[in-house]
């Protein structure tokens with residue numbers, strides 16, 4: 001895919017570097033030209049391809065994450081690609097360390113983390129969740145670090161320039177001039193945005209700048225870039241057409257409070273739920289013990305839809321979350337039927353499960369709802385991923401419904417106990 005502003009010749013292809021899998025899938029779903037999500041940062045990229053690459057850097061140390069970003073940035077910048085670093089819309093992860101390396105060698109850096117569709121906006125350089133400043137919410141309750149009070153603080157750059165809404169909404173010519181002036185000062189430029197139209201304006205303005213100006217943003221900015229390429233065409237990947245619906249295994253690795261209600265909706269519709277205790281998962285062997293594996297096997301045996309989650313996470317040190325995700329993934333992979341499709345919530349959990357299954361790339365098929373992305377593996381297993389904090393009470397129902405109807409066709413009805421759409 002190439003970006004073609006109306007008054008410019010064919011532009012540079014886009015490469016998206018993500019820090020976790022659910023974020024990578026979220027970006028792939030809204031880019032018309034994306035045909036592959038790469039889980040191996042060293043995998044070869046085809047000429048003019050628009051890949052989304054999961055660097056899996058969220059689970060690393062800041063220094064380790066910075067090295068991954070530096071390697072990927074150098075590699076793809078050398079091809080003349082336009083680069084977008086996918087950041088968490090709530091500023092989680094190693095944003096300062098990664099952005100510092102991502103900006104090296106760029107002629108400017110434009111930062112726009114808003115995702116209006118998820119109630120995540122930016123005003124006066126401060127991320128707001130449904131209108132409430134991020135540092136006044138509980139969104140960081142599971143994070144080991146203090147919540148940043150602004151995007152600039154998350155970037156670790158006191159010299160950051162903020163472009164307020166009145167400049168973002170002043171028209172393409174004015175916004176372009178404002179961006180050029182701000183970028184000339186050599187510091188990152190944070191763009192306020194409260195609507196998709198705001199992000200469309202930012203995307204259009206940046207695409208009129210040299211490709212050496214790099215972008216940091218979440219799914220909202222990525223979607224705005226995708227809209228610059230025209231409407232999303234249906235993406236179908238050929239797969240088997242089974243005579244009966246395949247079993248679906250739902251793995252919930254998020255500690256988000258909304259997950260409890262989502263699981264409850266699934267069980268009301270006939271799913272079998274088993275909560276593996278954090279204590280057993282974090283015991284000797286980090287999930288290799290017989291107890292957690294046996295519980296997982298019992299939950300999956302003979303069930304058309306089964307749910308595995310973690311209980312007792314409220315009493316667990318947040319720093320143990322990566323170990324929990326890895327242990328849960330090992331238990332799932334040890335008992336997962338070969339013909340089962342997957343619903344995976346939480347980027348860390350999704351990535352660890354796919355690593356255990358030796359999956360190195362995904363083919364995006366479509367979106368079930370915002371952030372819930374339907375993909376297929378090269379060996380024809382269907383997978384729906386979603387960030388942990390996304391979706392309403394019926395989110396998991398809708399994700400399962402996409403896999404319990406005709407394979408390859410993302411639908412939005414909950415499944416019925418007989419396997420058909422409800």
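Bear in mind that the values in this text are calculations on the coordinates, not laboratory data. Being a predicted model, the structure only gives us computed values, none of them experimental. As a convention, Cβ positions derive from the backbone with ideal geometry for all residues, glycine included, and neighbour counts pool all protein chains shown.
Remarks
- Annotation: the antiparallel percentage among DSSP beta bridges lying fully within the stretch 248-404 is about 30.
- Choice from 152, 224, 184 with maximal GNM fluctuation in the chain (Cα, 10 Å cutoff): 184
- In whole percents, the pair-distance distribution calculated for the stretch 118-167 from its alpha-carbon pairs, binned every 5 Å from zero, is 5, 21, 27, 25, 16, 5, 1, 0.
- Taking the average, over residues, of other Cβ atoms within 10 Å as the packing measure, peptides 346-352, 196-202, 246-252, 163-169 rank 346-352, 246-252, 196-202, 163-169 from highest down.
- The C-alpha radius of gyration of the stretch 1-127, expressed as a fraction of 2.2 N^0.38 Å, stands at 1.04.
- Sorting 390, 102 by the number of Cβ atoms found within 10 Å of their own Cβ, with the fewest placed first, yields 390, 102.
- Alpha-carbon spread of the stretch 14-227, three principal axes, descending order, Å: 42, 42, 30
- Antiparallel %, DSSP beta bridges [both residues in the chain], to 5: 35 percent
- Placing pseudo-labels 7 Å out from each Cα toward the beta carbon at residue 43 and residue 261 gives an inter-label distance of 3.6 nm.
- Note on the stretch 14-227: antiparallel DSSP beta bridges, both residues inside, total approximately 25 percent of the bridges counted.
- The stretch 76-140 and the stretch 377-404 have Cα centres spaced 25 Å apart.
- Gained length - residue 185 relative to residue 229, 0.36 nm times residue gap less alpha-carbon distance: 12.8 nm
- Mean Cβ neighbour count within 10 Å, used as a protection proxy, ranking 73-80, 113-120 highest first: 113-120, 73-80
- The calculated 222 nm mean residue ellipticity attributable to helices in the chain amounts to -9500 deg cm²/dmol, summing -39500 (n - 2.57) over DSSP H runs of n ≥ 4 and dividing by all residues.
- When each of the peptides 264-274, 49-59 is scored by how many other beta carbons lie within 10 Å of its residues on average, the order from highest to lowest is 49-59, 264-274.
- Diffusion coefficient, µm² s⁻¹, Stokes-Einstein with Kirkwood Rh over alpha-carbon pairs of the chain at 37 °C and 0.692 mPa s: 151 µm²/s
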